Amino acid sequence: MKILSIQSAVAYGHVGNSAAVFPLQRIGVEVLPVYTVNFSNHTGYGAWRGPMISPDDVREVITGIEERGVLGEIDVVLSGYQGGEGIADVILDAVARVKAANPAAVYACDPVMGNAKSGCFVAPAIPILLRERVVPAADLITPNQFELGFLTETEPGDLESTLASADRARQMGPRTVLVTSVERPERPEGTIEMLAVTDDGAWIVQTPHIPIKANGSGDVTAALFSAHFRATGDAADALARTTSSVFDLLTLTHGSGQRELQARGGAGVLRAPPDAVRSDPGSLSRTPCSTRVRVVRARDDDNPRWALAT
Ligand SMILES: Nc1ncnc2c1ncn2[C@@H]1O[C@H](COP(=O)(O)OP(=O)(O)OP(=O)(O)O)[C@@H](O)[C@H]1O
Ligand SMILES: [Mg+2]
């Protein structure tokens, strides 16, 4: 599998392509990283150095790849944090060029805007741009619960309303929605969840909440889920594998005492993703690192409505 990943790069820490590339390579994906900035560190520090790469220069790099004749080999275009307004057009143009060369390619968009704790941390025009132009062109999106709310102009909270918001997002264009950092009021204390919704159903996974915030966890999540899901089309399996790897990286990070996400895969899960977890509706399954994937909605073929199996 080949992924064209249009994202930022930092020297210190792991966000954007600096978070996504190694985990993808570790699971056997050939990555074509295209950088949108080359910063010393992520902007959460309030200070950073290094250049933004102009949209024209980013487009030049993609044109250069096109001239090598390899756009038809790309399976996934992946995009994340957009530092400026100009980059969206470059990404959408790249998606159009890749799909023209390979109609089976998908566009996976991580609509980065902010999170429930920090609020919105991108330029004011970006969320609107994402909602109106970028997300409608995506096949798969990976918002956190806060971003899902903005995109759909809803307030996802409990399972029911988060599913409804994900369906609204699916009506905007993308068939597959992965909602990260789902913090349902009714979840067990000390846990955090992720919810995947596709045409075939909906699955939720729960892990312990580790008492850290490591920037880049969402970027690793978007990259791994996009790759696993594109490879198999199996959302439950992709959810289990992704959560296992991310949980392990965060456990490693927490134990290391470092403030930045540790993306070196030392704990082995990146090397050997756990076996797939497929649950029957309502059942619980475990992977080696305590992730649990549960079916929350399954298609009932005799009934055009969805059957809720909570
Ligand atoms: N403290 C944590 N404990 C356990 N799991 C976590 C924690 N933080 C993140 N995760 C896992 O990583 C997934 C993605 O992280 P998150 O939702 O924070 O991404 P994000 O909001 O895009 O953040 P960022 O862009 O800073 O990486 C979550 O759904 C969750 O499964
Ligand atoms: Mg994110």
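Throughout, read-outs are computed from the coordinates displayed, never taken from laboratory work. The model shown is predicted, which means the values in this text are computed figures rather than measured ones. Quick reminder, even Gly has a Cβ in these numbers, built from the backbone with ideal geometry, and neighbours come from all protein chains shown.
Tabulated values for the structure
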item	result
Cα gyration tensor shape for segment 106-209, rounded if a/c is under 1.5, else prolate or oblate	oblate
Projected-area mean, segment 208-247, by convex hull of Cα positions, square nanometres	2.7 nm²
Over segment 1-42, equivalent-ellipsoid semi-axes from the Cα gyration tensor in Å	19, 11, 5
Residues Cys120, Cys109 arranged by fewest to most Cβ contacts within 10 Å	Cys120, Cys109
Dimensionless Rg over Rh [segment 24-172; C-alpha; Kirkwood]	0.98
Nearest 10 degrees, 0 to 90: helix 17-26 Cα axis against the chain principal axis	60 degrees
Ranked list, fewest to most other Cβ atoms within 10 Å of each Cβ, for His14, His209	His209, His14
Folded to 0 to 90 degrees: helix 55-67 orientation relative to the chain principal axis, Cα	90 degrees
Charge tally in the Cβ shell below 15 Å around Phe150, where Lys, Arg are +1 and Asp, Glu are -1, Phe150 excluded	-1
Residues Tyr45, Tyr107 arranged by fewest to most Cβ contacts within 10 Å	Tyr45, Tyr107
Rounded to 10°, Cα long-axis angle of helix 235-256 versus longest principal axis of the chain	70 degrees
Scaled radius of gyration (Cα, divided by 2.2 N^0.38 Å) that the chain gives	0.94
Burial ranking of peptide ranges 25-37, 231-243 (average Cβ count within 10 Å, highest at the top)	231-243, 25-37
